[in-house]
Amino acid sequence: MSSFIGTDWTLSLLHSGSYLNIDDILASNERTSCRIRVPLPSLAPLLLSDIKDKAFSGGTNDGCRASDDVPAGKRIELPVWLAIAVGSGRRQILNIDLPPIYRDAFTEVFEADPCVVDLKRKGSMYYMLLCNLLTSGHAKVPQIVATGTKVFQSRLKMIMDASLNASRQDNLSSTSK
């Protein structure tokens with residue numbers, strides 16, 4: 001296992017969206033769980049502290065302490081953009097877990113009927129976040145892409161059917177999901 005200090009730290013921000021697109025910023029800012037693979041010295045105050053506790057309390061820090069190290073195997077939550085930038089490629093400093101909307105429980109529901117899940121409530125940036133996860137290198141990316149494609153096609157078909165075969169009644173309740 002490589003050490004943290006001996007790692008190449010050229011930051012590669014693989015990006016699928018536009019830098020100034022607010023939807024892309026919101027989608028990639030969603031937090032996901034990660035497991036650290038190598039010890040990270042002196043980063044515990046940055047990654048693990050709450051602002052309420054002692055982040056900016058007045059105290060002296062006389063060098064690096066052992067408690068400031070983040071041990072290997074620790075679970076943390078990071079924004080998707082940061083987790084992909086640090087966890088993919090050659091470095092492999094952390095293992096990225098999929099956000100909850102892409103896990104097996106939701107995949108089974110999407111396979112049964114994609115129109116059942118309220119994406120506005122459960123995953124408002126479902127498709128944009130899926131585009132960001134394409135570069136993560138996660139083993140389940142092909143499966144979630146296939147599921148996302150099926151979800152999009154089924155939902156689009158339902159909306160198109162509702163719009164083309166509209167009667168005098170209001171169909172907003174079925175198309176608002």
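Read the figures in this text as sums done on the coordinates, not as results from a lab. What you see is a predicted model, and the numbers here were worked out from it, not measured in a lab. Cβ atoms come from the backbone with ideal geometry, glycine included; neighbour counts cover every protein chain shown.
Here are a few things to note about the model shown:
- Each other residue within a Cβ distance under 15 Å of Thr149 adds +1 if Lys or Arg and -1 if Asp or Glu, for a net charge of +3.
- In plain terms, the chain from Ser154 to Lys74 could stretch by 24.9 nm, reckoned as 0.36 nm per residue minus the Cα-Cα distance.
- Most to least packed among 114-121, 125-132, 21-28 [average Cβ atoms within 10 Å]: 125-132, 21-28, 114-121
- Length released on extending from Ala146 to Ile22, taking residue separation times 0.36 nm less the Cα-Cα span: 42.1 nm
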